[in-house]
Amino acid sequence: MVVFDGECAFCNRWVDFLLHFDRRDVFRFTARQSESGAAFSRQAGLPEGGIGSIIVVEAGRVLMRSSAVLRMFSLLGFPFSLTAVFRLIPAGLRDTVYDFIARNRIRWFGRMQACRLPAPTERHRFL
């Protein structure tokens, strides 16, 4: 499951990217602001307002920040899985870059004016 900021235009474009390239139907999505996203946040003990990170939940494991992004790329398969080489960079350094982008994403890409509505062919992918 991918928990994303439904108000963030960049985050919504990331979801569009994943939907387009996820040929194996691996990903399921929920906006942090949705009922299922809020329920996950409460269950995981995360702040209601979010943590400024996309979250990947897989087999009970919770990944955030750059680790979540690299995991999503690896789940897309080749050629995206080649980004695994970035795991050689210490997580603290990767997360510094992630945090810079996360802090500026709204300024650079804006907010969504309305909630993203999945296409009929995508509905089964959203919780």
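The values are calculated or read from the model by the stated rules, or taken from the named source; none is laboratory data. Values in this document were obtained by computation on a predicted structure and should not be read as measured data. Ideal geometry is used to build each Cβ from the backbone, glycine not excepted, and the neighbour counts take in all protein chains shown. Ligands, DNA and RNA are excluded from the accessible area calculation, which covers all protein heavy atoms including side chains. Shrake-Rupley method; radii C 1.70, N 1.55, O 1.52, S 1.80 Å.
Give the long-range amide H neighbours of E58: residues separated by 5 or more places, or on another chain, with amide H under 5 Å away, using H modelled in the peptide plane at 1.01 Å from N.
Under 5 Å from the amide H of E58: L63.
Per DSSP H run of at least 4 residues, take -39500 (n - 2.57); add these up for the chain, divide by its residues and hand me the 222 nm value, nearest 500 deg cm²/dmol.
-13500 deg cm²/dmol
Count charges around A84 for me, please; just the other residues with Cβ under 14 Å from its Cβ, Lys/Arg as +1, Asp/Glu as -1.
Here the count lands on +3.
Using label points projected 7 Å from each Cα along Cα→Cβ, tell me how many nm separate A91 and A119, to one decimal.
Going from the A91 label point to the A119 one covers 3.6 nm.
Are there cysteines in the chain with no second cysteine's Cβ under 4.7 Å away, and if so, which?
Result for the chain is C115, no neighbouring Cys Cβ within the cutoff.
Using a 1.4 Å probe on the protein heavy atoms, what percent of the accessible area of the chain belongs to carbon and sulfur?
Within the chain, the accessible surface is 61 percent carbon and sulfur.
With r defined as the distance between the Cβ atoms of V57 and E35 and R0 fixed at 22 Å, what FRET efficiency is calculated, to the nearest 0.05?
Calculated value: 0.85.
How large is ³J(HN,Hα) for each residue in the range 56-70, as worked out from phi by the Karplus curve 6.51 cos²θ - 1.76 cosθ + 1.60 (θ = phi - 60°), to whole Hz, x for Gly and Pro?
10, 10, 9, 6, x, 8, 10, 10, 10, 6, 5, 5, 5, 5, 5
Give the accessible surface of the chain per residue, rounded to a whole number of Å², with probe radius 1.4 Å and ligands, DNA and RNA excluded.
Accessible area per residue: 60 Å².
Could you work out the local net charge near R13, counting Lys and Arg as +1, Asp and Glu as -1, over the other residues with Cβ closer than 11 Å to its Cβ?
Neighbourhood net charge equals +1.
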